[in-house]
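Participant: Dropping a structure here in structure tokens format, bear with me for questions.
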Amino acid sequence: MEKGSAESVLSCVHCGKPAHLQCPKCVELKLPREGAAFCSQDCFKVAWSSHKSVHAKLATAASDVSSEQSDEGWQYCLRKGQMRTSKLPYFDWTGPLRPYPISKMREVPEGIEKPDWAVDGIPKIEPNSDLQTRVEIKTPEQIERMRETCRIAREVLDAAARVIQPGITTDEIDRVVHEATIAAGGYPSPLNYHFFPKSCCTSVNEVICHGIPDARKLEDGDIVNVDVTVYYKGVYGDLNETYFVGKVDEASQQLVRCTYECLEKAISIVKPGVRFREVGEVINRHASMSGLSVVKSYCGHGIGELFHCAPNIPHYGRNKAVGVMKAGQTFTIEPMINAGVWRDRLWPDGWTAATADGKRSAQFEHTLLVTETGVEVLTARLPSSPNVFPWLNSS
């Protein structure tokens, strides 16, 4: 959550060279300069047949949003959630996806135990805890609370998975997550964490992580990751999965399945005595075999009575993670795997990390407990979990 990125010079939509010409139709429709820039008339002519479809699509989408949401105060998010604007920010977007306006922050009823950032957006205990440098061994009582919280988190994510289909907005997914969390007596941990404005993260297509739920409707062929964390009885449970929206192309299916397998293979080595750095080696090996890349900007983390703490668990090879797994430790493994390059760029909202080349990204995450003999997946799928991954049907 600490990685930033500077805005770059506009690039030609066709060849990628520095661009100073603008598509006149895009200017007329007041569409973003990014995605409408060309280095020469020649590139503009070559790209015209594919570029002109942008006009109808974006203009229609903008009018849909303005007509549906104008009276509800829906606006674009800036400055990590601390500011709003009525206009789409200027940015050198790396892929076809754009942010849409977001709804106002959802409320949590009195009587629900809240983390210390719930009111003012600033975590106070977490950054100053000695557990940022020391890996805690959980007591049996802490472990029992974590089991309970992680099961709730799983049920909340499953509720989100059931509503995913073409035409639903990511804001509606957020509403489902928010209401299911509160119904279970929990607090949706992302809400107002460092000013994050929503109750879960929804990362679509080229978004790697920390996508903000908004008014965009999911389209047939999209992939979407939903990342849920629940705070309940003083502890956190954190997991995420990437889902198919309608009929998805073969390359995206392979990306999502490989990412799922990366997490499964990493979990399979977890036991006392294994070095944390080995997790990245296993993930990197499997992703590389499929010609995919592993994001290095974000990592797995310790979890318990703190949302994020030691250990840090990188997912890439040749990492410098320190330490060895011991029984009683709890942490997440959450590989982010990209179809293209591993690098990311941060959107103007200060949260959304998108692939630097605009190609798709997938992620899966579990909260794990190291046991005396191996590992317990605290956020494991339940018999009631929806049947959304085709490759699980054959096993």
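The values are calculated or read from the model by the stated rules, or taken from the named source; none is laboratory data. This is a predicted model, so every value here is computed, not measured. Every residue, glycine as well, gets a Cβ built from its backbone with ideal geometry; the counts of neighbours run over all protein chains shown.
Participant: Could you grab the pairs with beta carbons closer than 6 Å, sequence gap of 6+ or different chains, first residue in segment 308-332 and more than 11 Å from Val279 (Cα to Cα), second one of a type in the set (Asp, Glu) and surrounded by fewer than 20 Cβ atoms within 10 Å (Cβ to Cβ)?
Facilitator: Note: pairs meeting the criteria are Ala327/Glu372.
Participant: Next question, about the same structure. Just to be sure I understand the filter: pairs with C-beta atoms under 8 Å, separated by 6 or more residues or on different chains, first member in segment 254-277 and farther than 18 Å from Glu136 by Cα, second member crowded, with 20+ Cβ neighbours inside 10 Å and basic (Lys, Arg). Which pairs pass?
Facilitator: Leu255/Arg360
Participant: Pull up segment 228-239, narrow it to residues that are crowded, with 23+ Cβ neighbours inside 10 Å and out of contact with any helix residue (DSSP H, G or I) (no Cβ under 6 Å at 6 or more places or on another chain), then point me to the one that is nearest to Lys138 (Cα to Cα).
Facilitator: Residues of segment 228-239 that are crowded, with 23+ Cβ neighbours inside 10 Å, as a first pass: 228-232, 235-239.
From what is left, the residues that are out of contact with any helix residue (DSSP H, G or I) (no Cβ under 6 Å at 6 or more places or on another chain) are 229, 231, 236, 238.
Numbers: Thr229: 19, Tyr231: 17, Tyr236: 13, Asp238: 16 Å.
Per the criteria, the residue is Tyr236.
Participant: Another one. Go through (1) touching a residue at least 40 places away in the same chain (Cβ under 8 Å); (2) out of contact with any helix residue (DSSP H, G or I) (no Cβ under 7 Å at 6 or more places or on another chain); (3) under 26 Å from Met146 (Cα atoms); (4) part of a loop (DSSP other than H, G, I, E, B) one by one and return the number of the condition Val341 breaks.
Facilitator: (3) is the only condition that Val341 fails.
Participant: Within segment 155-164, is there a residue that is touching a residue at least 60 places away in the same chain (Cβ under 8 Å), of a type outside the set (Gly, Ala, Ser), assigned to a helix (DSSP H, G or I) and surrounded by 22 or more Cβ atoms within 10 Å (Cβ to Cβ)?
Facilitator: Yes; the residues of segment 155-164 include at least one that is touching a residue at least 60 places away in the same chain (Cβ under 8 Å), of a type outside the set (Gly, Ala, Ser), assigned to a helix (DSSP H, G or I) and surrounded by 22 or more Cβ atoms within 10 Å (Cβ to Cβ).
Participant: Do we find a residue being over 16 Å from Asn225 (Cβ atoms) and either in a strand (DSSP E or B) or under 17 Å from the mean Cα position of the chain (by Cα) (or both) anywhere in segment 379-394?
Facilitator: Among the residues of segment 379-394, not one is over 16 Å from Asn225 (Cβ atoms) and either in a strand (DSSP E or B) or under 17 Å from the mean Cα position of the chain (by Cα) (or both), which makes the answer no.
Participant: Continuing with this model, one more query. Could you tell me how many of the residues in segment 100-120 are outside any loop (DSSP other than H, G, I, E, B) and not aliphatic (A, V, I, L, M)? Please lay out each step first, then the result.
Facilitator: Step one: filter segment 100-120 for residues outside any loop (DSSP other than H, G, I, E, B), giving 102.
If we keep only those that are not aliphatic (A, V, I, L, M) too, we end up with none.
Residues flagged as outside any loop (DSSP other than H, G, I, E, B) and not aliphatic (A, V, I, L, M) within segment 100-120 amount to 0.
Participant: Pairs please, first residue from segment 210-228 and closer than 21 Å to Asp344 by Cβ and in a loop (DSSP other than H, G, I, E, B), second anywhere and aliphatic (A, V, I, L, M) and modelled with pLDDT under 95, Cβ atoms under 8 Å, 6+ apart in sequence or on different chains.
Facilitator: Once the first residue is closer than 21 Å to Asp344 by Cβ and in a loop (DSSP other than H, G, I, E, B) and sits in segment 210-228, its partners that are aliphatic (A, V, I, L, M) and modelled with pLDDT under 95 give His210/Met1; Arg216/Ala61.
Participant: For segment 282-294, give me each residue that is buried (at least 18 other Cβ atoms within 10 Å of the Cβ) and closer than 22 Å to Met325 by Cβ.
Facilitator: Pass one, segment 282-294, residues buried (at least 18 other Cβ atoms within 10 Å of the Cβ): 282-284, 286-287, 292-294.
The answer is Val282, Ile283, Asn284, His286, Ala287, Val294.
Participant: Let me spell it out: the conditions are (1) crowded, with 24+ Cβ neighbours inside 10 Å; (2) part of a loop (DSSP other than H, G, I, E, B), and Glu372 meets all of them except one. Which number is the exception?
Facilitator: Tallying (1) crowded, with 24+ Cβ neighbours inside 10 Å; (2) part of a loop (DSSP other than H, G, I, E, B), Glu372 fails exactly one: (1).
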